[in-house]
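Note sheet for the following structure.
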Amino acid sequence: MALIVHKYGGTSMGSTERIKNVAKRVAKWHDAGHQIVVVPSAMSGETNRIIGLAKEIMAQPDPRELDMIASTGEQVSVGLLSMALQAIGKQAVSYAGWQVPIKTDSAYTKARIESIDDAKVKADLAAGKIVVITGFQGVDEQGNITTLGRGGSDTSAVAIAAALKAQECLIYTDVDGVYTTDPRVVSDARRLNTVTFEEMLEMASLGSKVLQIRSVEFAGNYRMPTRVLSSLTDPLMPLEEEANSGTLISFEEDTNMEQATITGIAFSRDEAKITVLGVPDKPGIAYQILGPVADANIEVDMIIQNQSVEGKTDFTFTVPRGEYAKAMAVLEGSVKAHIGAASIAGDTKVSKVSVVGVGMRSHVGIASQMFRTLSEEGINILMISTSEIKISVLIDEKYMELAVRSLHKAFGLESA
Ligand code: ADP
Ligand code: ASP
Ligand code: MG
């Protein structure tokens, strides 16, 4: 008997029929003698619908109020799933984040989990109940409801698994594992049986939304075995077969039998580029520009500073597209006049494409192959950034899919 956490995403919870299937699958695991905690997302489209309502009222809704409503989709899901389990004869109980409680900081819309109380859940499990806990939400010190950022149910699930010292966290979704790139963009993308933790961390941070990055961080920090698998298979398929399907995040690099130079291609459409022009080239300038941006809780990603001409330089960086307006307001507000910049230019029609692989450490020529492939397609590179196991380029968003497809082919990642 083991304690196992299941997470089901929006599509997997997308209708009452699908919820009944989730209940059948969960019941099968419970019948096999396991203790099961289930963490569902809101039904697909629900979180977008709710946020859309807020935006009809005001363009920049108050983040506390936004979390108050954005969290409700998950509350519907846990209740429905708990009922679906009861309807097939299982004892089940649902909890909202604040009831567990799952405590977070107060950074509304992107809160971080600080602690999870396991007492209530452990008692329910010991009493033979299946426990269903809302994904995506928590509660801060003052009792305010918070959410963990889009895609945050993955993080709830892995964090709950870690807090309960579960044997495994199974992330059920609408694809049957982690692929070399998004299979909806490249139809011959290949499913990986295992992916190293480091690679998964890079892929998630570079835009592969199959797992929210913080869930991968939790998996790494607590060495929680985490598997991504399909919720759309027959819920009554043999448990053994299901338990070995999908993609396992592995913590040992050398067990990755599939190791190739490049593991995958990640991309992010949600990028924006900001250039501060005509900045005096003197010590402290990067800090004076990026300090206020960081203070506004905006994450800066790629950064370049041009060669200075007659003591002036241009400073360019990228931010998430959703934070672009806020970043521009910060810069136009006080920074521009303070540092004596000539002007500020922005571009929200840019995307980032990255090649990822631990094999890069021992192979040379990856960057040149990447740049050659893009140049053969006539794609202009706006910015470049690298780490030990990834190379990212910023390009015009028009060419994103072309870039992903041609790189996927150039690095031989397609399925045989
Ligand atoms: P859920 O609602 O289950 O959390 P998401 O939509 O958040 O599902 O994540 C699953 C989606 O991630 C897939 O439908 C797929 O389009 C996308 N995706 C992006 N990159 C990858 C990848 N490398 N492998 C698999 N899926 C990917
Ligand atoms: N429902 C939330 C969202 O749509 C959380 C999640 O699905 O993981 O972002
Ligand atoms: Mg998701």
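Below are the figures for this structure:
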quantity: All positions within the range 315-368 that are modelled with pLDDT under 95, within 21 Å of the chain's Cα centre (by Cα) and assigned to a helix (DSSP H, G or I); calculated: 322, 323, 358
quantity: Flag for residue 335 being closer than 22 Å to residue 384 by Cβ and buried (at least 16 other Cβ atoms within 10 Å of the Cβ); calculated: no
quantity: Single match in 173, 104, 147 (criterion: over 19 Å from residue 11 (Cα atoms), in contact with a Ser or Thr (Cβ under 8 Å, 6 or more places away or on another chain), in contact (Cβ under 8 Å) with a residue 40 or more places away in the chain and within 16 Å of ligand 3 (Cβ to nearest atom)); calculated: 147
quantity: Complete set of residues in the range 164-194 that are touching a helix residue (DSSP H, G or I) at 6+ places or on another chain (Cβ under 9 Å) and more than 10 Å from ligand 1 (Cβ to nearest atom); calculated: 164, 166, 167, 168, 169, 170, 188, 194
quantity: Residue that is within 16 Å of ligand 1 (Cβ to nearest atom), touching a Leu at 6+ places or on another chain (Cβ under 7 Å), under 30 Å from residue 1 (Cβ atoms) and of a type outside the set (Lys, Arg), where the choices are 121, 26, 131; calculated: 26
quantity: All positions within the range 7-40 that are surrounded by fewer than 20 Cβ atoms within 10 Å (Cβ to Cβ), in a loop (DSSP other than H, G, I, E, B) and in contact with a helix residue (DSSP H, G or I) (Cβ under 8 Å, 6 or more places away or on another chain); calculated: 11, 32
quantity: Verdict on residue 273 being in contact (Cβ under 8 Å) with a residue 60 or more places away in the chain and either farther than 30 Å from residue 210 by Cα or part of a strand (DSSP E or B) (or both); calculated: yes
quantity: Test: residue in the range 79-91 that is modelled with pLDDT of 95 or more, surrounded by fewer than 18 Cβ atoms within 10 Å (Cβ to Cβ) and within 16 Å of ligand 2 (Cβ to nearest atom); calculated: yes
quantity: Criterion: within 16 Å of ligand 2 (Cβ to nearest atom) and surrounded by fewer than 21 Cβ atoms within 10 Å (Cβ to Cβ) - qualifying residue of 190, 150, 223; calculated: 150
quantity: Filtered residues of the range 153-163 (kept if crowded, with 24+ Cβ neighbours inside 10 Å and away from ligand 1 (no atom under 12 Å from the Cβ)); calculated: 158, 159, 160, 161
quantity: Residues (part of a loop (DSSP other than H, G, I, E, B) and either of a type in the set (Asp, Glu) or touching a Leu at 6+ places or on another chain (Cβ under 7 Å) (or both)) located in the range 234-250; calculated: 234, 245, 246
quantity: Subset of the range 41-69 [within 15 Å of ligand 1 (Cβ to nearest atom) and part of a helix (DSSP H, G or I)]; calculated: 46, 47, 48, 49
quantity: Sole residue being among the acidic types (Asp, Glu), under 30 Å from residue 239 (Cβ atoms) and either without any contact (Cβ under 8 Å) to a residue 24 or more places away in the chain or buried (at least 24 other Cβ atoms within 10 Å of the Cβ) (or both), chosen from 74, 56, 65; calculated: 74
quantity: 2 or more residues touching a strand residue (DSSP E or B) at 6+ places or on another chain (Cβ under 8 Å), charged (D, E, K, R) and at pLDDT 95 or above: qualifying helices (runs of 4 or more DSSP H) within the range 114-230; calculated: 119-126
quantity: Filtered residues of the range 195-212 (kept if near ligand 1 (Cβ under 8 Å from one of its atoms) and either over 18 Å from residue 413 (Cβ atoms) or among the polar types (S, T, N, Q) (or both)); calculated: 208, 209, 211, 212
quantity: Test: residue in the range 380-398 that is of a type in the set (Ser, Thr, Tyr), touching a Lys or Arg at 6+ places or on another chain (Cβ under 7 Å) and not in a loop (DSSP other than H, G, I, E, B); calculated: yes
quantity: Any chance residue 386 is under 18 Å from residue 304 (Cα atoms), at pLDDT 95 or above and surrounded by fewer than 18 Cβ atoms within 10 Å (Cβ to Cβ); calculated: no
quantity: Those residues of the range 127-144 which are free of Cβ contacts under 8 Å to residues at least 40 places away in the same chain and more than 28 Å from residue 65 (Cα to Cα), in sequence order; calculated: 127, 128, 129
quantity: Qualifying positions in the range 92-101 - crowded, with 18+ Cβ neighbours inside 10 Å and either without any contact (Cβ under 8 Å) to a residue 12 or more places away in the chain or not in a loop (DSSP other than H, G, I, E, B) (or both); calculated: 92, 93, 94, 95, 97, 98
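The values are calculated or read from the model by the stated rules, or taken from the named source; none is laboratory data. Values in this document were obtained by computation on a predicted structure and should not be read as measured data. When we count neighbours, we look across all protein chains shown, and the Cβ atoms used for this are built from the backbone with ideal geometry, even at glycine.
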